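One structure is given here, and the rest of the page talks about it.
The numbers here are math on the coordinates, done by the rules we state, and not lab data. Being a predicted model, the structure only gives us computed values, none of them experimental. Methodologically, a virtual Cβ is constructed for each residue, glycine included, from the backbone with ideal geometry; neighbour enumeration extends over all protein chains shown.
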Amino acid sequence: MNTSPITQWEGVEAYFTLAHSGFGTVLTLIVSVALVAGAIWYGTHHESRDFAKFTKKP
Amino acid sequence: MDQQLLELGQKVAALEASSAMSNTVNMEIFYWWCTALMITIHAGFLAYEMGASRAKNVLAAGTKNLLAFAFVVPTFFFFGWWIYNAFPGGFTIAEGSESALPWASAMGPNLADNATGVFWAAFALFAATTASIMSGAVIERIRLTAFLVLAIILGSVVWILAAAWGWHPTGWLTTEFGFHDVGAAGCVHLVAGAFTLGVLINLGPRIGKYNADGTPNAIKAHSVPLTVVGLMLIIVGFFGFLGGCIIYNSGAQWTNIFGQPATLSAFAFNTVMAFAGGIIGGWVKTRDPFWMMSCGLVGIISAASGLDVWYPPMAFIIAVVAGFVAPMVANAIEKAGIDDAVGAVAVHGAGGAMGVLAVGLFAAGYPNIDGMPPVSLFGQLVSLIVMAALGFIPGYAISAVMKSAGYLRVPHDVEVMGLDLVEVPIEAYPEGMTRPAAPIMTPGIETGGPAAVPAE
């Protein structure tokens, strides 16, 4: 996959991967946001399971 | 002759371009190393927080601290930096703020923009610092993921909104009231302290902190030496933090964030004098090395708002007084039934408030630029109230919602056993120290509430 936004250095400004592709940039951003949210969701799930394991049943 | 003049002109133009690029690169280098030094603040908070925990919670405290950094940084990229650029006028979106949106061309490698990345990184570290301020206060009983959500709200929303309002060249607190706070005593420390206070009220004290009659017990840190070294690391990191508070202007004098002329020398004079003053104030009041170092930090925070203007002995006096007062504030908070495990509200909240107030008391009349009002006691008081409310209200409200959902605090049994046993797959001290879970879980004690378990 060729993600380079430039083919030469003359007059270059933004040159980060996918800088030329609004869709690609936003998609990457959405995946990043999902990773952060997903990690918190996973952590919550993991905590709840462990708390149940270590908490005495009434 | 004409040819010689042409060549001379070309050489001058080349020299100017070279000099300009050197200045730009020097600016980048300056903020790069400020940011690197600020990482030391987090090393310090990590050591401080783990040391302040009991052995049964030490790794959970460390994990929480590491994750605060890890979650605040990306969320600060997603929306924190944009908030700073969008809301200096209050709640209206400023023109040009779209360049701070996370998909903007400035928010990544860009040969036409040497500044955004290093400034963003420095601010991201400020953001992580605010989250770490809360982190220590809530140890040993907060649910990790609840804390992470609160850390994101504090680090990537609340403090940076306060910074847009009062730590920005066109922030409304400065344009309307002449607010002066060069070292971020208000938007970082006061806001984080107030937010933490709101969370602590809903979180409640650790089991065993208070007796049935409401008198407090000391829950001792498992390693005071680790906390003291951690505090010293925080102080080292503060030189990066405060360096990041002054604006490097290529080829011209430094300015503070409000555009007033300043020097890094002024910051150096007053930071060092205030650090010394805070330690002395803490020593006179407590003779306790934990508080002496905490008060060294209070000293710097209390002088931070006016680091660019203080006569150094003035910074010293302010810091001595603040260092003397902060432990009294911590005692008052403890007596009020609020368990702040590391004194964060006193150190950062009260220290930040004293810093903001000190400028109003002792630097009133100091001129602003571009027709903005001069520094005044009234302006500092208004700004202090705004920042305290901006920190406290969301901290209290969001943690109250979490509490009502049963999401804020770990279950009683888990707290008694220790968070490391439940949440962390490795042991902190497998050969030397054991988790004190068994003694605490003795019959008659295990079902008790906050008053049932005597402090260790």
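Here are a few things to note about the model shown:
- Criterion (within 17 Å of the chain's Cα centre (by Cα), at the interface with another protein chain (Cβ under 10 Å from one of its Cβ atoms), within 26 Å of B:V149 (Cβ to Cβ) and polar (S, T, N, Q)) met by exactly one of A:T28, A:T55: A:T28
Let's see how each residue does on (1) touching a His at 6+ places or on another chain (Cβ under 8 Å); (2) part of a loop (DSSP other than H, G, I, E, B):
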site: B:V359; (1), (2): yes, no
site: B:G365; (1), (2): no, yes
site: B:D370; (1), (2): no, yes
site: B:V375; (1), (2): yes, yes
site: B:L381; (1), (2): no, no
site: B:I385; (1), (2): no, no
site: B:A389; (1), (2): no, no
site: B:I393; (1), (2): no, no
site: B:D413; (1), (2): no, no
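- 3 or more residues farther than 19 Å from B:M354 by Cα: qualifying helices (runs of 4 or more DSSP H) within the range B:236-341: B:264-286
- Apart from one condition, A:W9 fits all of (1) closer than 27 Å to B:F76 by Cα; (2) in a loop (DSSP other than H, G, I, E, B); (3) more than 7 Å from every other protein chain (Cβ to nearest Cβ); the exception is (1).
- Identity of the residue in the range A:31-41, at the interface with another protein chain (Cβ under 9 Å from one of its Cβ atoms) and not β-branched (V, I, T), that ends up nearest to the chain's Cα centre (by Cα): A:S32
- Residues (under 24 Å from B:I234 (Cβ atoms) and surrounded by fewer than 24 Cβ atoms within 10 Å (Cβ to Cβ)) located in the range B:199-214: B:R206
- On the stretch given as the range B:1-36, residues that are over 30 Å from B:F241 (Cβ atoms) and either outside any helix (DSSP H, G or I) or small (G, A, S) (or both) total 6.
- Cβ-Cβ distances below 7 Å connect the following pairs, each with a first residue in the range B:98-118 that is without any contact (Cβ under 8 Å) to a residue 40 or more places away in the chain and facing chain A (nearest Cβ under 7 Å), a second residue that is surrounded by 18 or more Cβ atoms within 10 Å (Cβ to Cβ) and in a loop (DSSP other than H, G, I, E, B), and a separation of six or more residues or different chains: B:S105/A:A19; B:G108/A:A19.
- Checking each residue in the range A:12-33 for being part of a helix (DSSP H, G or I) and not polar (S, T, N, Q) picks out A:G22, A:F23, A:G24, A:V26, A:L27, A:L29, A:I30, A:V31, A:V33.
- Cross-chain or 6+ apart pairs with Cβ under 7 Å, the range B:327-356 first and free of Cβ contacts under 8 Å to residues at least 60 places away in the same chain, then basic (K, R): B:P327/B:K285
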